[in-house]
């Protein structure tokens with residue numbers, strides 16, 4: 001019986017460790033839950049209208065999160081509205097519009113990552129295939145918070161025409177995916 005309990009505990013610990021990224025997460029569970037709810041609605045609208053949607057996640061002194069007013073961009077860009085003085089920006093967020101077989105929209109773009117790094121904020125990116133990415137604004141590393149289909153998916157979404165989508169990327173590996181060098 002003790003062996004079984006030890007094996008179950010070991011299996012449970014291994015399963016939990018598999019969920020933990022190699023680096024400590026730079027966002028809270030509360031922020032992640034907030035962004036999941038926000039991105040479920042924003043990704044659906046973004047795909048429907050084939051436009052990027054963006055904004056900032058704000059952290060309030062009571063621990064609550066909210067979003068700035070939503071900005072609508074074009075098919076491949078979006079500029080968030082300025083943040084009012086005195087508000088604490090926790091992260092940026094945006095979607096990648098509808099599926100475009102000519103554009104690798106299932107991963108954050110180099111511009112997405114470098115923009116967050118320049119601003120010194122973390123970022124969130126929703127894709128037409130329904131993935132949600134977290135971008136560390138300090139290191140430029142990114143990881144899938146949830147994979148294909150966890151957010152609303154564009155009905156026209158095809159296979160990964162640009163190769164398999166990894167679970168994590170560094171800025172250098174993202175450059176390599178897009179066939180560029182820094």
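The values are calculated or read from the model by the stated rules, or taken from the named source; none is laboratory data. Treat the numbers as computed from the prediction; the structure is a model and nothing was measured. Using ideal geometry, Cβ is built from the backbone for each residue, glycine included, and neighbour counts are taken over all protein chains shown.
Table for the structure above
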quantity: Count of residues meeting criterion [touching a helix residue (DSSP H, G or I) at 6+ places or on another chain (Cβ under 8 Å) and at positive phi] in the stretch 173-182; calculated: 0
quantity: Test: residue in the stretch 103-124 that is closer than 17 Å to residue 41 by Cα and modelled with pLDDT under 95; calculated: no
quantity: Test for residue 55: is it over 24 Å from residue 169 (Cβ atoms) and either in a helix (DSSP H, G or I) or at pLDDT 90 or above (or both); calculated: no
quantity: Condition check for residue 179: over 10 Å from the mean Cα position of the chain (by Cα), at pLDDT below 95 and assigned to a loop (DSSP other than H, G, I, E, B); calculated: yes
quantity: Single match in 136, 154, 161, 172 (criterion: crowded, with 21+ Cβ neighbours inside 10 Å and farther than 16 Å from residue 93 by Cα); calculated: 154
quantity: Residue check, residue 142 within 24 Å of residue 58 (Cβ to Cβ), modelled with pLDDT of 95 or more and in contact with a strand residue (DSSP E or B) (Cβ under 7 Å, 6 or more places away or on another chain); calculated: yes
quantity: Single condition residue 46 does not satisfy, out of (1) surrounded by 18 or more Cβ atoms within 10 Å (Cβ to Cβ); (2) in contact (Cβ under 8 Å) with a residue 24 or more places away in the chain; (3) closer than 17 Å to residue 121 by Cα; calculated: (3)
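Residue by residue, here is whether (1) closer than 21 Å to residue 167 by Cβ; (2) under 16 Å from the mean Cα position of the chain (by Cα) holds:
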{"residue": "27", "(1), (2)": "yes, yes"}
{"residue": "42", "(1), (2)": "no, yes"}
{"residue": "57", "(1), (2)": "no, yes"}
{"residue": "68", "(1), (2)": "no, no"}
{"residue": "74", "(1), (2)": "no, no"}
{"residue": "82", "(1), (2)": "no, no"}
{"residue": "99", "(1), (2)": "yes, no"}
{"residue": "107", "(1), (2)": "yes, yes"}
